[in-house]
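Following: one structure in structure tokens, then a few remarks.
Quick note: the coordinates plus some simple rules give every number you see, no bench work behind them. These numbers come from a predicted model, not from an experiment.
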């Protein structure tokens, strides 16, 4: 097994060598890949997600995924540039779909409240309170870990990165809990989303 030096000249290491070191859990290898490709990942993420914060968050997510499972990259199927671009695009599309789904649910709730209340502000307020109660009840039905992450995101307006900083929970775990919680909420509130 080749020892990976502490200071590596990133210009002399090809991607396969760096990937091999990454599979051996050498942090320097991840740093080299990040230095080489983070601008590409960030630029693509920014192009698709439109905000610097979302692009930076997605860039971190992509490189975390590479660190966690470097064996996913197969040099026979394409270059590292292609691999990272496809991963970034796929994850950005997932985020956009999720955001669109959440926006659609909010719009449906608003339409329901407007439809049920007609022109009466009192009825509109009552409908919104009823919807709010249903959502709170559904949140209470979630496992505490998922509920906590969703409450921090939606009631406190924290990003997933901020939740990670506040709680010390790894970003991947925050994302997983958020996604699982949203899927469970969708299931619990399916009659409202139709």
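Of the three principal axes defined by the Cα atoms of the range 47-101, the extents in descending order read 35, 18, 17 Å.
Quarter the surface of the alpha carbon convex hull of the range 15-92 and you get the mean projected area, 4.5 square nanometres. The spread of Cα positions in the range 140-179, taken along each principal axis and listed from longest to shortest, comes to 25, 18, 15 Å.
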